[in-house]
Amino acid sequence: MIKSYLATDIGHVRKDNEDASAILPRHAFVVADGMGGHAGGGTASQILVHSVRQYIDDFGDRALQEDDLAQAILAANRDILATAFEKPALRGMGTTAVLLALDKEKARWAHVGDSRLYLLRAGKLRQVTRDHSLVEELVCNGTITEEEARVHPRKNILTRAVGVEVAPKVDSGSFALADGDRFLLCTDGLTNMVEDVEIQNLMQNTGDVAHALVQKALAAGGHDNVTALVVAIDGA
Ligand code: CA
């Protein structure tokens, strides 16, 4: 049995919630974090969720594979570019994307940007995706530490996003499910405000963990829009 919980909040600072998210058919899940001036960011993330939903709706009976999730993101990429072309005020908008799809045996995921997928297994939280951000590159090449990355002044700079170039590179992967697995898809409004160890602690609880995670981010300051989508395999 698969249970899912979705929570989002504008936060205490921003005027709009530019995060978008959905629990989709076929045990698929999506979270997006829009960027770009004026209404652009919120438009890009909403187009992404809409396009991904349409892609999955139109998919037929074949099981969703890893590459299908990447293709869904690329379809959204085309839709965002087309909208920006038609409406000059929206040019420069873009969005992150993280997708998860589950069947009886496997988890499959795809992502672009710094929205994240985490897996809680046997009580331990593991970050499945690696951010496409400047600070992640600086951590990888040893220029700065993980601790320095958390407070880096340019931590918002993404190295990849959806809707800003013709063919963005999409990362994807898959792995076998284990009983009791729990997944978290979230935006940086959560991970910038709440440490991984606190996320791990909250993820052990049953019930609407997504709401609890968002409340934690708000209590910590809520500097950004915050979205958490939690998927539990055991139905807890
Ligand atoms: Ca954000």
**Prompt:** Working from the pairwise distances between different alpha carbons, so that the mean of 1/r is found and then inverted, what is region 1-136's Kirkwood radius in Å?
**Reply:** 15.7 Å
**Asked** Once fully extended, how much extra length lies between GLN65 and ARG91, figured as 0.36 nm per residue of separation less the alpha-carbon to alpha-carbon distance?
**Response** 6.2 nm
**Request:** Report, to two decimal places, the Cα Rg of region 111-236 normalised by 2.2 N^0.38 Å (N = number of residues).
**Result:** 1.09
**Message:** With a 1.4 Å probe and all protein chains left in place, how much of the accessible area of region 69-180 comes from carbon and sulfur atoms, in whole percent?
**Reply:** 53 percent
**³J(HN,Hα) computed for each position of region 182-199 - Karplus, 6.51 cos²θ - 1.76 cosθ + 1.60, integer Hz, glycine/proline x** = 10, 10, 10, 9, 7, 9, 5, x, 8, 6, 7, 9, 10, 5, 4, 5, 6, 4
**Request:** Mind giving me the nanometre distance, one decimal, between the label points for ASP103 and HIS50, set 7 Å out from Cα along Cα→Cβ?
**Result:** 3.0 nm
**Request:** Using a 10 Å cut-off on Cβ atoms, rank the peptides 130-142, 104-116, 182-194 from the highest mean neighbour count down.
**Result:** 182-194, 104-116, 130-142
**Simple label model, 7 Å out from Cα along Cβ direction - ASN141 to ARG26, nm** = 3.9 nm
**Item:** the chain: calculated mean residue ellipticity at 222 nm from DSSP helix runs of at least 4, using -39500 (n - 2.57)
**Value:** -9500 deg cm²/dmol
**At R0 = 30 Å, FRET efficiency that the Cβ-Cβ distance of ARG154 and VAL13 yields, to 0.05** = 0.95
**Request:** List, in order, the whole-Hz ³J(HN,Hα) value for each residue of region 219-234 obtained from phi through the Karplus relation with A = 6.51, B = -1.76, C = 1.60 and θ = phi - 60°; use x for Gly and Pro.
**Result:** 5, 7, x, x, 5, 9, 4, 9, 9, 9, 10, 10, 10, 10, 6, 7
**Calculated from backbone phi, Karplus (6.51, -1.76, 1.60) coupling profile of region 61-69 in Hz, x at Gly/Pro** = 8, 4, 5, 5, 9, 3, 5, 5, 5
**Complete:** Order by accessible surface, 1.4 Å probe, largest leading, for residues TYR5, TYR118 comes to TYR5, TYR118
**Prompt:** Taking the chain, how much of its Cα-Cα pair set, in percent, is spaced more than 30 angstrom apart?
**Reply:** 19 percent
**Item:** Solvent-accessible area per residue for the chain (1.4 angstrom probe, square angstrom)
**Value:** 46 Å²
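Once the Cβ-Cβ distance between ASP57 and MET1 is put in as r, and R0 is 25 Å, what FRET efficiency do you end up with, to the nearest 0.05? Can you show the working numbers first?
Details: r = 23 Å, r/R0 = 0.93.
With a Förster radius of 25 Å, E is 0.60.
The values are calculated or read from the model by the stated rules, or taken from the named source; none is laboratory data. Keep in mind that what you see is a predicted model, and the values were worked out from it rather than measured. Methodologically, a virtual Cβ is constructed for each residue, glycine included, from the backbone with ideal geometry; neighbour enumeration extends over all protein chains shown. We work out accessible area using only protein heavy atoms, side chains counted, and drop any ligands, DNA or RNA first. Shrake-Rupley method; radii C 1.70, N 1.55, O 1.52, S 1.80 Å.
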